[in-house]
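I have a structure I would like to understand better, so I am pasting it below and will then ask my questions one at a time.
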Amino acid sequence: MRHHNTIRKFGRVKNQREALLRSLARALILEGKITTTEAKAKELRPFIEKLVTRAKNATLVSRRLLISRLGGGGEKEPVKILIDTIAQKYKTRFGGYTRIIKIAPRKSDGSKMAVIEFV
């Protein structure tokens with residue numbers, strides 16, 4: 001039984017899961033809206049919300065932490081977009097920055113699909 005096992009593993013080892021979340025987060029920041037499986041969207045939501053909350057306080061420490069959390073080999077463009085545009089948009093909001101909308105299942109394997117976007 002899976003009582004209290006909240007983390008979704010996606011059939012991957014830890015470093016692959018972290019890379020997946022970072023990649024999805026970078027795509028969401030750059031695009032504003034992505035289509036993925038429902039489980040991945042639900043796992044991405046708390047990750048990206050914590051990043052947006054951290055970005056609202058745009059200190060040097062916050063910037064460095066965001067760069068390390070988003071990874072990308074020192075790619076600073078997603079962090080710049082996150083701090084300059086997205087975090088400023090939600091300056092007065094106390095959470096709930098993203099929305100997950102369920103869509104039709106994927107044709108090939110029937111996986112539950114969802115769109116995750118910024119509110």
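The values are calculated or read from the model by the stated rules, or taken from the named source; none is laboratory data. Everything quoted here is computed from the prediction, not taken from an experiment. Positions of Cβ are generated from backbone atoms using ideal geometry, with glycine treated the same way; all protein chains shown enter the neighbour counts. The protein model used for the area step is the full one, side chains on, heavy atoms only, and it has no ligands, DNA or RNA in it. Shrake-Rupley method; radii C 1.70, N 1.55, O 1.52, S 1.80 Å.
Kindly provide the set of residues from the stretch 39-66 that are without any contact (Cβ under 8 Å) to a residue 24 or more places away in the chain and either part of a helix (DSSP H, G or I) or small (Gly, Ala, Ser) (or both), ordered by number. Reasoning before the result, please.
Our first condition is that a residue be without any contact (Cβ under 8 Å) to a residue 24 or more places away in the chain; within the stretch 39-66, this holds for 46, 50, 54, 57, 59-66.
Within the stretch 39-66, 46, 50, 54, 60, 61, 62, 63, 64, 65, 66 meet the criteria.
Where residues in the stretch 1-22 are open to solvent by 90 Å² or more (accessible area, probe 1.4 Å) and among the basic types (Lys, Arg), which of them is nearest to residue 114 (Cα to Cα)?
In the first step, residues of the stretch 1-22 are kept if they are open to solvent by 90 Å² or more (accessible area, probe 1.4 Å); the result is 1-4, 6, 9, 14-16.
So of that shortlist, the ones also among the basic types (Lys, Arg) come out as 2, 9, 14.
On the way: 2: 23, 9: 18, 14: 23 Å.
Residue satisfying both the conditions and the ranking: 9.
Give just the number: which of (1) assigned to a helix (DSSP H, G or I); (2) aliphatic (A, V, I, L, M); (3) surrounded by fewer than 16 Cβ atoms within 10 Å (Cβ to Cβ) does residue 25 not satisfy?
Every listed condition holds for residue 25 apart from (3).
Something else: Are any residues in the stretch 72-96 under 20 Å from residue 18 (Cα atoms), in a loop (DSSP other than H, G, I, E, B), free of Cβ contacts under 8 Å to residues at least 40 places away in the same chain and of a type outside the set (Lys, Arg), and if so, which ones?
Keep residues of the stretch 72-96 that are under 20 Å from residue 18 (Cα atoms), which gives 72-79, 82.
Add one more test, that the residue is in a loop (DSSP other than H, G, I, E, B), and what stays is 72-76.
Right, trim to free of Cβ contacts under 8 Å to residues at least 40 places away in the same chain and you get 73-74, 76.
Selection gives 73, 74.
Against the conditions (1) open to solvent by less than 20 Å² (accessible area, probe 1.4 Å); (2) touching a residue at least 24 places away in the same chain (Cβ under 8 Å); (3) over 20 Å from residue 10 (Cα atoms), where does residue 36 fall short? Just the number, please.
It is condition (3) that residue 36 fails.
Okay, next question. Only one of 106, 69, 99 is open to solvent by 60 Å² or more (accessible area, probe 1.4 Å), among the basic types (Lys, Arg) and in a helix (DSSP H, G or I); which? I'd like the intermediate steps shown before the answer.
Numbers: 106 fails: in a helix (DSSP H, G or I); 99 fails: in a helix (DSSP H, G or I).
Result: 69 is the single residue among 106, 69, 99 that is open to solvent by 60 Å² or more (accessible area, probe 1.4 Å), among the basic types (Lys, Arg) and in a helix (DSSP H, G or I).
What pairs can you find where one residue is in the stretch 103-119 and free of Cβ contacts under 8 Å to residues at least 40 places away in the same chain, the other is aromatic (Phe, Trp, Tyr) and assigned to a loop (DSSP other than H, G, I, E, B), and their Cβ atoms are less than 7 Å apart, with a gap of 6+ or different chains?
Correct list of pairs: 119/97.
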